[in-house]
Amino acid sequence: MTSTAEPDAPSRRASPLAVEERQSMIIDAIMPLLIEHGRDVTSRQIAEAAGIAEGTIFRAFGDKDSLIDAAIERYLDPEPMKRELRMIDVGKPIEEKLLLLITIMQERFGHVFRILTAVGHRRPPERSQREDFARIVSEVLEPELDALGWAPDRVAHIIRMITFSTAFPQLNHGIEFTPEELTHLVLHGIMRTPPTPSQGNRCSHDS
């Protein structure tokens, strides 16, 4: 009895990535290299990190500078941060909400500092971005608006100011502040403990 050999099944190759997917994959690979090497990163280093041939980089972006610019734009894109801020539960206590706001902003400025140090300065954030942040802070603190001693846009400015200055070594002179410390500062100032109503009244009478 003879058996007939079945024809070999055709080999299956992985479907090629769409251009946008390939570009995104390459950008993911270049980010740690940019922080380490800046614009001196080589196409060979990028290709090895991404697991691709060097020619693939140029087919996807045209040249290395275009890839670097695309990576910086994505890294500095504020939209992911704004989505994270909008996910804060407005029903949480104000201290927890401020801690989340400050933590997210401090991490954001830390990331920005690292990339700007590596690749050089970029344009400052647009006014609309600052206004968006102020609106988000107003939404997050909406349940406490009547109790706030400052307008929400000024609270937002204070949060931006202290998180920015504490994230940049040139400004904080190596003195680090935790998000918990900054949250206490925003809520209570420099007092060791929040003043009681009687203490506040006594201070106002003394003045």
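None of the figures in this text is laboratory data; all of them are computed from the coordinates on show. Just so you know, these numbers come straight off a predicted model, no measurement behind them. As a convention, Cβ positions derive from the backbone with ideal geometry for all residues, glycine included, and neighbour counts pool all protein chains shown.
Below are the figures for this structure:
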read-out: Sequence-distant aspartates and glutamates (8 or more away, or on other chains) whose Cα lies within less than 19 Å of LYS82; value: GLU73, GLU96, GLU107, GLU126, GLU131, ASP132, GLU139, GLU142, ASP153
read-out: Pairwise label distance in nanometres, ALA53 with GLU107, each label 7 Å out on the Cα-Cβ vector; value: 3.9
read-out: Theoretical gain in end-to-end length, ALA151 to ASP77 [0.36 nm per residue, Cα-Cα removed]; value: 23.9 nm
read-out: Inter-probe distance in nm under a simple model that places probes 7 Å from Cα toward Cβ, at ILE190 and GLU21; value: 5.7
read-out: Convex hull volume per residue in cubic angstrom - Cα atoms of segment 19-75; value: 66
read-out: Label-point separation, HIS173 to GLN45 (7 Å along Cα→Cβ), nm; value: 3.4
read-out: Cα shape, segment 77-194, gyration tensor, a/c 1.5 rule; value: oblate
read-out: Which of ASP89, ASP69, ASP146 has the fewest Cβ neighbours within 10 Å, and the rest in rising order; value: ASP146, ASP89, ASP69
read-out: At most 13 other Cβ within 10 Å, DSSP loop - GluC sites (Glu not before Pro), segment 74-174; value: GLU126
